[in-house]
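Visitor: Handing you a structure now.
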Amino acid sequence: MAARAEFIGDTGESAPARWEPPFGTGQVHVVLSLLAADQESLAVVVERARKAHAQLPGLQVVHRQDFYQLSTGRTSFGYKDGIGNPTIEGSGAESPPGDGSVLKAGEFVLGYPDETGNLPPMPQPAELGRNGTFVAWRKLHTRVAAFRRYLHDNSDSPEEESLLAAKIVGRWQSGAPLILAPEHDDPALGADDQRNNGFRYESDPRGAICPHGAHARRANPRDSEIIGDIRLHRMIRRGTNYGPPLPAGTLDDDGADRGIVFVFIGSHLDRQFEFVKSQWLNDGHFTGLDQEKDLLTGNNDGTGIFTIPQYPIRRRLHGVERFVITRGGEYFFLPSLSALRWLANPAA
Ligand code: HEM
């Protein structure tokens with residue numbers, strides 16, 4: 001990932017030279033995710049992993065990153081995340097009503113045809129590559145106080161502030177999509193898995209309800225009119241938090257390191273993760289927004305702009321700074337369970 005830094009916008013404060021070691025040094029060869037329902041059961045899983053690792057003398061633990069999911073399912077910025085994910089053909093899951101896009105399994109699992117009808121390149125031999133996929137793992141520091149202050153300084157009331165926040169993300173904090181709840185948050189809608197992902201942007205071609213520059217609309221324009229095939233740029237995301245949450249209402253930075261561990265999963269690191277990051281989030285050309293970058297995650301430098309289409313005169317915010325800093329990241333191959341068994345015992 002460090003070698004692709006310029007392309008994916010990891011520049012300035014986010015440049016690999018400033019990443020936390022060992023990210024970007026070439027020392028990271030394997031990542032092991034240990035998941036548990038609570039701290040007690042996590043300790044048991046970690047102990048199991050430690051014992052297994054002790055039998056593998058070639059491996060050395062170079063880093064440990066603790067992370068957790070808030071019971072609200074919210075991220076450090078206060079929004080519910082993890083709603084917009086693709087439905088995969090053959091998985092048994094049905095696309096939510098109104099979403100209408102089921103994607104070929106090969107977009108996410110190696111060894112099957114993707115949306116182009118081809119088999120994506122995969123590690124060889126087939127025993128290793130088949131049913132595997134690729135992962136982009138990123139540790140993203142979030143400047144929560146600065147983001148809250150930016151919202152506060154650009155609004156005249158708490159109501160205006162939460163509407164502005166929704167225009168920036170494309171969803172209210174509860175997860176309710178702006179396009180289905182244009183004026184107020186609707187927590188029941190945000191919590192309803194059948195409805196919170198069942199929408200398109202056809203009723204809002206000018207972005208008067210959900211700006212073209214909103215994070216979720218940039219990252220998945222759905223049926224918005226753009227050049228290219230949106231279906232080739234979808235991704236599975238699994239994000240979670242690290243660090244303590246900033247207490248509600250605080251506008252001053254407390255110096256704590258907090259943010260998101262962002263995980264991309266898909267068969268094509270380049271046309272899925274890198275394309276969305278470089279073209280849709282960090283470049284405004286695709287929506288006709290010139291140099292405008294994603295306000296939430298873009299590599300802005302204090303001179304960024306954010307346009308909110310509205311009648312009779314659009315609103316334009318200036319002075320957008322960088323609210324998300326990359327602290328490190330790596331690309332990985334994620335083998336299937338059968339590939340792990342094959343690695344453990346190739347002759348079987
Ligand atoms: C700290 C960084 C980030 C934060 C706080 C963040 C936050 C969010 C939130 C709150 C949503 C709306 C909830 C949802 O639709 O699931 C969202 C959606 C999304 N984000 Fe991010 N995000 C971050 C980074 C990224 C990056 C780096 C990418 C891709 C390279 C990305 C891609 C997406 C996609 C694809 C969606 C779903 C849009 C949809 O299907 O409607 N995000 N993000």
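Visitor: Treating the beta-carbon of each Lys and Arg as +1 and of each Asp and Glu as -1, no other charges, what is the dipole magnitude of the chain about its Cα centre, to the nearest 20 debye?
Guide: It works out to roughly 740 debye.
Visitor: Which value at 222 nm does the chain reach when only helices count, each DSSP H run of 4 or more adding -39,500 (n - 2.57), with the total divided by all residues and rounded to the nearest 500 deg cm²/dmol?
Guide: -5000 deg cm²/dmol
Visitor: Which value results when the Cα radius of gyration for segment 1-120 is divided by 2.2 N^0.38 Å?
Guide: 1.43
Visitor: If the label point is 7 Å along Cα→Cβ of residue 85, which residues in segment 162-200 have backbone nitrogen under 19 Å from it?
Guide: 171, 174-177, 190-199
Visitor: Across every pair of different alpha-carbon atoms, what Kirkwood hydrodynamic radius in Å does segment 227-291 reach?
Guide: That comes to 14.5 Å for segment 227-291.
Visitor: Considering only lysines 8 or more places apart in sequence, or on different chains, count the pairs in segment 67-344 whose C-alpha atoms sit under 19 Å apart.
Guide: Lysine pairs meeting the criterion: 5.
Visitor: Can you tell me the FRET efficiency between residue 18 and residue 278 if r is taken as the Cβ-Cβ distance and R0 is 22 Å, rounded to the nearest 0.05?
Guide: That gives a FRET efficiency of 0.65.
Visitor: Right, another one. If you wrap a convex hull around the alpha carbons of segment 102-151, what volume per residue comes out, as a whole number of Å³?
Guide: Once divided by residue count, the hull of segment 102-151 is 129 Å³.
Visitor: In nm², what is the average projected area of the convex hull enclosing the Cα atoms of segment 67-344?
Guide: Hull-based average projected area comes out at 15.3 nm².
Visitor: Extension gain residue 52-residue 40, at 0.36 nm per residue separation less the Cα-Cα distance, in nm?
Guide: 2.4 nm
Visitor: Determine the relative contact order of segment 171-210: mean sequence separation of Cα pairs under 8 Å and six or more apart, normalised by residue count, in whole percent.
Guide: 40
Visitor: Moving on to the next point. Using the alpha-carbon atoms, what tilt in degrees (0 to 90, nearest 10) does helix 158-169 show relative to the longest principal axis of the chain?
Guide: Long axis of 158-169 versus the principal axis of the chain: about 50 degrees.
Visitor: Also, I was wondering about something else. Relative contact order for the chain: what percent, with Cα pairs under 8 Å and sequence separation of 6 or more?
Guide: So the answer I get is 25 percent.
Rule-based calculations on the coordinates, nothing more; no lab input. All values derive from a computational prediction rather than experimental measurement. Glycine also receives a Cβ, built like all others from the backbone with ideal geometry; neighbour counts cover every protein chain displayed.
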